[in-house]
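Structure first, then comments.
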Amino acid sequence: MKKTVLIIHPSRFNPERFEKYELQNFINKNFEIIVHDLTELLYPKIELKFKSNKNDNYKSLNIKSYKLWKNELDKINSKYGFVLILNFTHQHISINNIKLYKVLSDNLDKSRYVNVFFSNPGVFNSYYELSFGFYSFSKRLKHIITQNLINITKGLIVKYAGLKSNVIVLGSKSDKNKFLFKKRKLIIEGHSWDFSNFNDNYNNDIRMSDTHVLLIDGAGPKFKNDDLYLNKNSAITSDKWYPNQNRLFDTIESVYKKKVIIKSHYSVRHEKNPRYFGYRNVFHSNLIDLICNSCFIISRYSTAISYGLLFNKPIILITSNEIKQNLNLRYEQQQKLANYLNCPLINIDDVKQFKKVENITSTEKEIKDKFLENFCTLGLGIESNSKLIIQKLDN
């Protein structure tokens, strides 16, 4: 019986995603890998600089219409005896999602497929749980109402959009969405994808160095992809963000005598040595190697900072006046995360704060372990996400 893993992905797919989602473990179990890239179907306003990459390990299709998608699902029905769907669209709540799940359910033979929902698709929950305890009463009330509405919407999508297959929910220990599925669906508790990858591949000693300083960049402000995916307005502008960020980089390079390099967001592609980064080197892959060979990492709020903790690399968080003024909730989250990790938060618009770069230290082990336990993992020694799913299928 031919088997396939069908990846339903809301953004551009590349070999970095292949590694992040541990798909080689499914290939080792004789699954073929098919990716349906729904970027242009769900987000027609996205600025697309590249297509999902072709790769020998998987077949990727850019789905531009529901008619095309139905045809491709029919082909899967006729070719494969078993289909495992890994669905990464669940965090993107919109009317489009309801139609998406309806099409998916109506056009696959329900007796032959298992749909794996990612209720928490690889992010630590500090967007909500980390900051929650510090909110004022009014913000707590607003937070509770907003999150309950989101959770109810997710539940309605699953219950009424024709999704009648088995569902496995993968979420961190602090995930609050599990109650939506508990009575009628099978639940597997898993790790964030970053921690899962570490658990699967990096428990042994690896070579470390400190050859550079690493910025783990977001999509914006040059590209608006992240904002469009999450249906948010961009709060930072290129003409203010990049020049001041480069001033900070100049200071860091002067203090540490090491070059700052950039790891791009997975959804975008920058030109070589772009002017807006001060002609610095930009890398589009090899995140783990770049972190392992850094003396410290810089980020606005990337989930990949968990790798910095896992590999014992110091962390600097950066913000700006625009974030402070236009994204006050995000700024609060940055503050709480910096306080939680006891790491610097530097406003790139305030040169006086640049002195903070002179005393950068790794996060204390007790703080690091607490953060990982609360937001990233169910515990060391527990199998990686992919192996948890495979074990459940074998049972």
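Taken over the stretch 1-15, the criterion of being closer than 19 Å to Ser65 by Cβ, in a loop (DSSP other than H, G, I, E, B) and not hydroxyl-bearing (Ser, Thr, Tyr) is satisfied by Pro10, Arg12, Phe13. Of the residues making up the stretch 338-359, those that are among the charged types (D, E, K, R) and surrounded by 12 or more Cβ atoms within 10 Å (Cβ to Cβ) are Asp349, Asp350, Lys355, Lys356. Quick one: is Leu372 of a type in the set (A, V, I, L, M, F, W, C), assigned to a helix (DSSP H, G or I), farther than 29 Å from Leu23 by Cβ and touching a residue at least 60 places away in the same chain (Cβ under 8 Å)? So Leu372 fails the test.
Filtering the stretch 362-379 down to residues that are exposed (fewer than 12 other Cβ atoms within 10 Å of the Cβ) and modelled with pLDDT of 90 or more, which residue is nearest to Leu317 (Cα to Cα)?
Here is the first cut: in the stretch 362-379, the residues exposed (fewer than 12 other Cβ atoms within 10 Å of the Cβ) are 364-366, 379.
Okay, now just the ones that are also modelled with pLDDT of 90 or more, so 364-366.
Details: Glu364: 16, Lys365: 19, Glu366: 20 Å.
Top of the filtered list is Glu364.
Sort out which residues of the stretch 16-37 are in a loop (DSSP other than H, G, I, E, B) and either among the acidic types (Asp, Glu) or touching a Lys or Arg at 6+ places or on another chain (Cβ under 9 Å) (or both), and write them in order of number. Give the steps one after another, and end with the answer.
Taking the stretch 16-37 as the starting set, the residues that turn out to be in a loop (DSSP other than H, G, I, E, B) are 21-23, 28-30.
Glu22, Leu23, Lys29, Asn30 - these are the residues of the stretch 16-37 that are in a loop (DSSP other than H, G, I, E, B) and either among the acidic types (Asp, Glu) or touching a Lys or Arg at 6+ places or on another chain (Cβ under 9 Å) (or both).
Scanning the stretch 226-246 for residues that are surrounded by 15 or more Cβ atoms within 10 Å (Cβ to Cβ) and either in a helix (DSSP H, G or I) or at pLDDT 95 or above (or both) yields a count of 10. Taken together, the residues in the stretch 248-300 that are among the small types (Gly, Ala, Ser), free of Cβ contacts under 8 Å to residues at least 40 places away in the same chain and under 24 Å from Phe18 (Cα atoms) amount to 0.
The values are calculated or read from the model by the stated rules, or taken from the named source; none is laboratory data. The structure presented is a predicted model; accordingly, all values stated were derived computationally and were not measured. For neighbour counting, all protein chains shown are included, and Cβ atoms are generated from backbone atoms with ideal geometry for every residue, glycine included.
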